[in-house]
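Engineer: Pasting a structure below so you can have a look.
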Amino acid sequence: MKENIQEIPAIAGGTPVRDTKISYGHQYLDEADYQAVLDVLKNGPLTCGPKIEELEDKLCRITGARHAVSVSNGTAALHIACLAAGVGEGDEVITTPITFAASANCALYCGAKPVFADINEKTYEIDPASVESCITEKTKAVVAVDYTGQSADLKALRKICDEHKLVLITDGAHSIGTFYDGKPTGSIADMTTFSFHPVKTVTAGEGGAVMTDSDELYKRLVLFSKHGITRNPDWLENVPDGPWYYEQIELGYNYRMTDIQAALLISQLDKLEMFKARRKEIVKRYNEAFSRIPQIMVQEEIPDSDTTRHLYILRIRPERLSIGRKEFFEALGAENICCNVHYIPTYYFPYYQRLGYKKGLCPKAEKLYEEIMSLPLYYAMSDKDVEDVITAVKKIAAYYAV
Ligand SMILES: *Cc1c(COP(=O)(O)O)cnc(C)c1O
């Protein structure tokens, strides 16, 4: 099984920088989180209870948005955002390929076609000029992604969407806590979706939310996340038969979050500032160190932004190394630094290839994919962990420098 191990230039010589493994991301839970969950388990209700309202109020306070709709995960959030936007059969939705598949799948769920715009090669965010070139008479919405946690170029995207009467959705799965142009993520696009999966900055185990300022979109988001059923007297279409009365007025889904998850997330959000501060500190340290290594390229920050970074992207300059990304990734693994790659361009996947998408569609995104890996970045990393990562990157870059 291991006979060809010598052929893989995994170790850049000497002993590994660390003797214990460190992974790219990990949740941080404390006693307050455990107590919050226990309290709901002991005193209930387990779902449709007061924790949901408390959470939604808190998300509105943090993001400055007027409405929040909590859901079971970030994918469900994207699905109902597309439904609320009126995305349907025959429509097109523009997004980036450098994201988790859900950012494009949400269009497919609605019978629409995802159209992939290319990225900005410096910030790695969806490129507004490319978005504009993808617009046709069928385009209904843009799903921008706050890739790595920094905002997409929302000023430019807002202008394009207004001009072409498109709904602007931001997939903010990475960006809770980020500010752009002085405003928090969640208050800028027509709708912003969040994910609270354990690798994200704050977690509910599984969870998601959609933020909006629009009363009309809010109504549709609530309906699509709760079977299309309502008791709200302002929303009923017919005269109630009696006090028990409710109506189904849309074809919705059961995408509810439980109060158990909401209680955990409320407690996690109390730590958002703390999480944000530490993440920023680690990113600053990485940027300082890596900007001095000629074999590495540092992601450029979007102007006017204050970023809570979810992912730290290490990008190699292949022309200055005798190895490629795969070997660099393996060499980091040999130093016990366990990375990941975010992301494989969505349309590379067999499912998308079968739908007729061809490689070559977004050259800058494809080049980025060849050169990146995500380094460890999470709240509980110690200073020593951070320095170990830097030492390992330096060691490999120097060993394979050309
Ligand atoms: C995590 C993630 C999602 C999906 O969120 P889930 O809560 O896992 O469904 C969507 N988009 C992006 C960019 C993500 O990182």
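The values are calculated or read from the model by the stated rules, or taken from the named source; none is laboratory data. Bear in mind the structure is a predicted one, so any value in this text is a computation, not a measurement. Cβ atoms come from the backbone with ideal geometry, glycine included; neighbour counts cover every protein chain shown. Just so you know, the surface numbers come from the protein's heavy atoms only, side chains and all, with ligands and any DNA or RNA stripped out. Shrake-Rupley method; radii C 1.70, N 1.55, O 1.52, S 1.80 Å.
Engineer: Do you know the relative contact order of region 31-269, to the nearest whole percent, from alpha carbon pairs under 8 angstrom that are 6+ apart?
Structural biologist: Contact order relative to length: 26 percent.
Engineer: Rounded, prolate or oblate: which fits region 239-388, taking a ≥ b ≥ c as square roots of the Cα gyration tensor eigenvalues, rounded meaning a/c under 1.5, else prolate when a/b beats b/c? Could the numbers behind the result be given before it?
Structural biologist: Working: a/c = 2.76, a/b = 1.53, b/c = 1.80.
Since a/c reaches 1.5 but b/c is at least a/b, the shape of region 239-388 is classed as oblate.
Engineer: Can you tell me the equivalent ellipsoid semi-axes for region 308-402? Use √(5λ) from the Cα gyration tensor, largest first, whole Å. Provide the component values of the computation, followed by the final result.
Structural biologist: On the way: eigenvalues 153, 60, 21 Å².
Its equivalent ellipsoid spans semi-axes of 28, 17, 10 Å.
Engineer: Is region 31-269 rounded, prolate or oblate when judged by the Cα gyration tensor, a ≥ b ≥ c being the square roots of its eigenvalues, rounded requiring a/c under 1.5 and prolate requiring a/b larger than b/c?
Structural biologist: Cα axes put region 31-269 in the oblate bin.
Engineer: Could you rank 292, 158, 18, 231 by how accessible they are, 1.4 Å probe, largest area first?
Structural biologist: Reading off the accessible areas and sorting them downward yields 292, 231, 158, 18.
Engineer: Here is a further query. If you roll a 1.4 Å probe over the heavy atoms of the protein chains, what accessible area per residue do you get for region 31-269, in Å²?
Structural biologist: Heavy-atom accessible area per residue stands at 39 Å².
Engineer: Shape call for region 1-118 from the C-alpha gyration tensor, a ≥ b ≥ c root eigenvalues: rounded (a/c under 1.5), prolate (a/b greater than b/c) or oblate?
Structural biologist: Oblate.
Engineer: Expressed in nm to one decimal, what extension gain is obtained for the pair residue 231 and residue 41 from 0.36 nm per residue of sequence separation less their Cα-Cα distance?
Structural biologist: Extending this stretch completely gives an extra 65.7 nm.
Engineer: Show that you can apply the helix-only estimate: for the chain, add -39,500 (n - 2.57) for every DSSP H stretch of four or more residues, divide by all residues, and state [θ] at 222 nm to the nearest 500.
Structural biologist: -11000 deg cm²/dmol
Engineer: What number, in percent, do you get for the relative contact order of the chain if the mean sequence gap of Cα pairs under 8 Å and at least 6 apart is divided by its residue count?
Structural biologist: It comes to 24 percent, rounded to a whole number.
Engineer: How about region 71-147: which trypsin sites (Lys or Arg not before Pro) there lie in a loop by DSSP and see at most 13 other Cβ atoms within 10 Å?
Structural biologist: Sites meeting the loop and neighbour criteria: 122, 138.
Engineer: Another question, if that's okay. When the Karplus curve 6.51 cos²θ - 1.76 cosθ + 1.60 is applied with θ = phi - 60°, which whole-Hz ³J(HN,Hα) does each residue of region 299-314 get, with x for Gly and Pro?
Structural biologist: 4, 7, 7, 4, x, 6, 10, 10, 9, 8, 7, 8, 10, 10, 9, 8
Engineer: Step through the residues of region 46-53 one at a time and calculate ³J(HN,Hα) from phi using the Karplus curve (6.51 cos²θ - 1.76 cosθ + 1.60, θ = phi - 60°), rounding each to whole Hz and writing x for Gly and Pro.
Structural biologist: Running phi through 6.51 cos²θ - 1.76 cosθ + 1.60 with θ = phi - 60° gives 7, 8, 6, x, x, 5, 5, 5 Hz.
Engineer: Can you give the Kirkwood hydrodynamic radius of the chain from its Cα pairs, in Å with one decimal?
Structural biologist: Value: 22.3 Å, from the Cα pair sum.
Engineer: For region 31-269, give the percent of accessible area contributed by carbon and sulfur heavy atoms, probe 1.4 Å, rounded to a whole number.
Structural biologist: 52 percent
Engineer: How many times 2.2 N^0.38 Å is the alpha carbon radius of gyration of region 135-193? Can you show the working numbers first?
Structural biologist: Numbers: Rg = 11.1 Å, N = 59, 2.2 N^0.38 = 10.4 Å.
Dividing the Cα Rg of region 135-193 by 2.2 N^0.38 Å gives 1.07.
Engineer: Right, another one. Testing the spin-label approximation: label points 7 Å from Cα along Cα→Cβ at residue 301 and residue 383. State their distance in nm.
Structural biologist: 2.2 nm
Engineer: Say we join alpha carbon atoms closer than 10 Å with springs in a Gaussian network model of the chain; which of 197, 174, 310 then has the biggest fluctuation?
Structural biologist: Residue with maximal mean-square fluctuation among 197, 174, 310: 197.
Engineer: Continuing with the same structure: Ratio of alpha-carbon Rg to the 2.2 N^0.38 Å globular estimate for region 68-193, to two decimals, please.
Structural biologist: Values: Rg = 12.9 Å, N = 126, 2.2 N^0.38 = 13.8 Å.
Against the compact-globule rule of thumb, the ratio is 0.93.
Engineer: Rounded to whole Hz and in sequence order, give me ³J(HN,Hα) for region 139-152 from the Karplus expression 6.51 cos²θ - 1.76 cosθ + 1.60, θ = phi - 60°, writing x for Gly and Pro.
Structural biologist: Residue by residue, region 139-152 yields 5, 10, 8, 10, 9, 7, 10, 7, 4, 6, x, 7, 5, 5 Hz.
Engineer: Enumerate the amide H contacts of residue 115 below 5 Å, restricted to partners 5 or more residues apart or on another chain; note that Pro and chain-start residues carry no placed amide H.
Structural biologist: Correct list: 93, 94, 95.
Engineer: Express as a percent, rounded to the nearest 5, the fraction of DSSP beta bridges in the chain (both residues included) that run antiparallel.
Structural biologist: If we restrict to bridges inside the chain, about 60 percent are antiparallel.
Engineer: If you don't mind, another one. Relative to the longest principal axis of the chain, what angle (0 to 90°, nearest 10) does the C-alpha long axis of helix 215-225 take?
Structural biologist: Taking Cα atoms only, the helix is inclined about 80 degrees.
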